[in-house]
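First comes the structure, then the notes that go with it.
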Amino acid sequence: MTGPKRKRGPASPVVQLVLDPAAEAPLYQQVYEGLRDAILSGRLARGARLPSTRALAADLGVARNTVLLAFEQLRSEGYLYGRRGGGSRAREVVPDALLTVARPARASAAKGARTRAIAPTLSMRGRMLVEVGATLIRPPGPHTPFELGVPAIDAFPMRRWAQLAGRRWRRGDVDLGELDPAGEPALRAAIASYVGAARGVRCTPDQVLVVNGAQQALHLVSQVLLDPGDDVWIEEPGYVGARVAFLAAGARLVPVRVDDEGLDVAEGMRMATRARLAYVTPSHQFPLGVVMSASRRLQLLGWAGASGAWILEDDYDAEFRYRGRPLPALQGLEAEQPGRRAHVLYAGTFSKTLVSGLRLGYMIVPDGLVDAFRAARSTVDRHTPMPYQHVLADFIGEGHYFRHIRHVRALCAERQEALVDAAHKRLAGLIEIAPDPAGLHLLGRLAPGVDDATAHEAAMARGVRSWALSKFHLTSPPRGGALVLGYGGFSEGAIRRAVGELGKALEGR
């Protein structure tokens with residue numbers, strides 16, 4: 001006995017798009033604009049189901065990531081709905097139609113009834129924040145290898161921190177009122193002194209802004225300096241958190257290739273010479289790990305000076321240099337050039353050296369932007385909790401931070417060595433992991449023909465967390481996949497066990 005026949009839904013419409021690889025606009029932007037125009041013009045019917053991202057990518061001859069990013073932007077702006085893997089459809093009412101305050105009542109309503117206002121649950125900006133911000137939420141549960149961004153939590157000097165906090169509370173030396181949104185003056189002075197000595201940054205305490213982690217710094221920069229539609233250079237591949245912050249501000253992302261010398265400034269100028277901002281990680285590029293050469297740094301500064309653009313320097317893991325001395329910060333290099341107007345904003349964090357749960361970071365902004373950023377910060381959350389700021393100021397000022405850095409740097413160097421050694425013994429022929437003179441993560445180059453997204457899924461199935469390098473690309477990633485493996489927050493034993501599980505995953509067991 002046969003069951004009832006299933007009704008087949010309407011076939012996905014054929015979307016005719018013409019892409020120009022030589023155009024200034026990135027391919028994902030061309031796909032986005034083509035689909036958006038098709039929806040608004042009616043060539044793609046409202047409610048119609050689109051082809052899968054894989055099928056459309058194959059039809060257009062582009063990487064699937066290119067189509068995924070275009071779909072992500074269309075969903076965040078309200079043109080599509082649906083989830084990845086579950087199909088996407090054009091919305092019945094698209095954002096442009098929401099500009100009309102009211103629409104006719106339903107046909108079943110009485111003739112002459114009042115019109116009904118459209119009141120979507122979220123604003124367009126809210127939908128975008130939900131869509132792109134979801135990528136920053138880590139899955140629940142304890143940290144496990146090789147999760148990224150996890151510091152050496154086991155090395156956190158809990159007893160010393162508790163002593164300093166207790167001393168403050170016993171003395172009643174904790175300000176519990178609302179203070180300057182830029183932060184506690186003693187902490188700002190300590191940060192200015194530290195980055196001057198350790199990173200060659202030139203600033204006064206007045207230029208320091210204490211923030212709740214580097215992500216808040218990215219948010220503030222995007223809100224204060226960018227208008228919707230502004231071009232922003234981002235590294236390709238690059239940090240997803242920066243991409244999220246700039247997309248949420250309505251910026252147009254311009255992915256600029258990274259090579260062995262860092263961001264290719266000449267390519268950025270060809271793609272969008274009048275970009276409003278460039279985001280860079282010059283001391284240890286994330287995720288490739290390269291250091292921006294001195295000539296590229298000068299070229300980047302020259303472009304910013306000539307075009308009036310801003311540069312956001314994210315110095316996220318500068319403390320973790322195991323061999324040799326790093327080049328001084330880009331901010332300091334600019335400050336050495338007399339008569340030059342400042343264009344560099346510098347962002348740093350204590351999340352990698354202490355613990356991420358403290359949510360302590362800082363920005364150093366040009367003199368002309370101090371008041372603007374202080375005012376903008378006051379609209380977000382007033383200031384970082386003052387007790388944390390007091391304790392950190394003491395921790396740095398009494399020399400504990402410098403001693404802690406030396407300890408945790410040596411510990412992470414040992415953990416990197418353990419990962420490289422274990423991979424050499426267990427993963428030969430499956431993945432190649434070379435040491436890096438800096439950082440808290442390594443690249444594992446997969447064997448030819450192995451897709452890194454597939455390898456990532458296989459590793460996750462065995463409880464090994466990693467990132468596919470292709471995840472950090474906006475455009476088509478080059479041939480040769482890789483996994484990005486964080487090691488700083490895990491013991492040598494945990495690292496070696498995870499390497500064994502990763503080997504089984506790559507062998508298909």
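Observations on the structure shown:
- Residue in the stretch 101-117 that is assigned to a helix (DSSP H, G or I) and either modelled with pLDDT of 80 or more or of a type outside the set (Ser, Thr, Tyr) (or both) present: no
- Scope the stretch 359-384; condition under 24 Å from Trp161 (Cβ atoms) and surrounded by 19 or more Cβ atoms within 10 Å (Cβ to Cβ); matching residues: Leu360, Gly361, Tyr362, Met363, His383, Thr384
- Note on the stretch 445-477: among residues that are without any contact (Cβ under 8 Å) to a residue 60 or more places away in the chain, assigned to a helix (DSSP H, G or I) and small (Gly, Ala, Ser), the one that is farthest from Leu27 (Cα to Cα) is Ala461.
- Subset of the stretch 385-396 that is modelled with pLDDT of 95 or more and out of contact with any Lys or Arg (no Cβ under 9 Å at 6 or more places or on another chain) - its residue that is surrounded by the most Cβ atoms within 10 Å (Cβ to Cβ): Leu392
- Taking first residues from the stretch 51-72 that are on the phi > 0 side of the Ramachandran plot and open to solvent by less than 20 Å² (accessible area, probe 1.4 Å) and partners that are hydrophobic (A, V, I, L, M, F, W, C) and part of a helix (DSSP H, G or I), no Cβ contact under 7 Å between residues at least 6 apart in sequence or on separate chains turns up.
- Scope the stretch 255-270; condition surrounded by fewer than 22 Cβ atoms within 10 Å (Cβ to Cβ), touching a helix residue (DSSP H, G or I) at 6+ places or on another chain (Cβ under 9 Å) and either assigned to a loop (DSSP other than H, G, I, E, B) or of a type in the set (A, V, I, L, M) (or both); matching residues: Glu261, Asp264, Ala266, Met269
- Residue, modelled with the lowest pLDDT, within the stretch 125-152, restricted to residues that are loosely packed, with under 13 Cβ neighbours inside 10 Å, part of a loop (DSSP other than H, G, I, E, B) and within 17 Å of the chain's Cα centre (by Cα): Pro139
- Residue that is farthest from Thr281 (Cα to Cα), among those in the stretch 309-327 that are of a type in the set (D, E, K, R) and in contact (Cβ under 8 Å) with a residue 24 or more places away in the chain: Arg323
- Pair list, Cβ under 8 Å, 6 or more apart: the stretch 328-349 residue within 12 Å of Leu298 (Cα to Cα), other residue assigned to a strand (DSSP E or B) and polar (S, T, N, Q): none
- Scope the stretch 299-308; condition free of Cβ contacts under 8 Å to residues at least 40 places away in the same chain, touching a helix residue (DSSP H, G or I) at 6+ places or on another chain (Cβ under 7 Å) and open to solvent by less than 40 Å² (accessible area, probe 1.4 Å); matching residues: Leu300, Trp303
- For Ala434, the conditions (1) open to solvent by 50 Å² or more (accessible area, probe 1.4 Å); (2) over 26 Å from the mean Cα position of the chain (by Cα); (3) among the hydrophobic types (A, V, I, L, M, F, W, C) are fulfilled apart from (2).
The values are calculated or read from the model by the stated rules, or taken from the named source; none is laboratory data. Since the model is a prediction, treat every value here as computed from it, not as a measurement. Here the Cβ is made from the backbone with ideal geometry for all residues, glycine too, and neighbour counts use every protein chain on show. Side chains are part of the model used for accessible areas, which takes the heavy atoms of the whole protein and leaves out ligands, DNA and RNA. Shrake-Rupley method; radii C 1.70, N 1.55, O 1.52, S 1.80 Å.
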